[in-house]
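First comes the structure, then the notes that go with it.
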Amino acid sequence: MKKISILSVSLVLLTSLFGQTAETLRVREFRKENENNIFKEYISFLSIPNIAADTMNLQKSAEFIMEMMKKRGIGEVKLLSPITAGAAPAIYGEVTTPGAKQTLIFYAHYDGQPVNPAEWAKGLDPF
């Protein structure tokens, strides 16, 4: 009986150490319920060529990102024209939280450099 209680206490401690809060469990459940759609969306995004000089596909990528942001409830999503001709447009989205005392900024770029398809695994198109 003592071994079971020590094991139970150990499991409870380990569970709390690894962040098994109600919020964490809710996020995990959401991921489980939506993982196929999340994966499909990710693959769709990765299938858009993102070569920096390919302005047409960069525009498609920007539009795709904007739709993903809107779908997630990010307000005031805007496409900002590039300062330099031929550069990728910036995308701005804002989430406001009443009473917030800090601002968080996330930055990522979605343009890439050309690849040599002959050097790609199995000679497949990287997109």
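The values are calculated or read from the model by the stated rules, or taken from the named source; none is laboratory data. Since the structure is predicted, the reported quantities are computational estimates derived from the model, not experimental observations. Every residue, glycine as well, gets a Cβ built from its backbone with ideal geometry; the counts of neighbours run over all protein chains shown. To get the accessible areas, we keep the full protein, side chains included, count just its heavy atoms, and leave off ligands, DNA and RNA. Shrake-Rupley method; radii C 1.70, N 1.55, O 1.52, S 1.80 Å.
Can you find, among Gly99, Met68, Ile51, the residue farthest towards the positive end of the dipole of segment 11-122? Put +1 on the C-beta of Lys and Arg, -1 on that of Asp and Glu. Toward the positive end, the furthest listed residue is Gly99. Given their separation in residues at 0.36 nm each and the Cα-Cα distance between them, Leu104 and Leu80 gain 6.7 nm when the chain is fully extended. Of the GluC sites (Glu not before Pro) in segment 40-77, not one is in a loop by DSSP (not H, G, I, E or B) with at most 13 other beta carbons within 10 Å. Note on surface exposure: Phe39, Phe45 rank Phe39, Phe45 by accessible area, highest first, 1.4 Å probe. Solvent-accessible surface of segment 38-106, averaged per residue with a 1.4 angstrom probe and all protein chains in place: 75 square angstrom. If the chain linking Thr21 and Ser44 were pulled fully straight, counting 0.36 nm for each residue of separation and taking away their Cα-Cα distance, it would gain 5.1 nm.
Label segment 36-86 by shape, choosing from rounded, prolate and oblate, from the square roots a ≥ b ≥ c of the eigenvalues of the Cα gyration tensor; if a/c is under 1.5 it is rounded, and otherwise prolate applies when a/b is larger than b/c, oblate when it is not. Oblate, since a/c reaches 1.5 and b/c is not below a/b.
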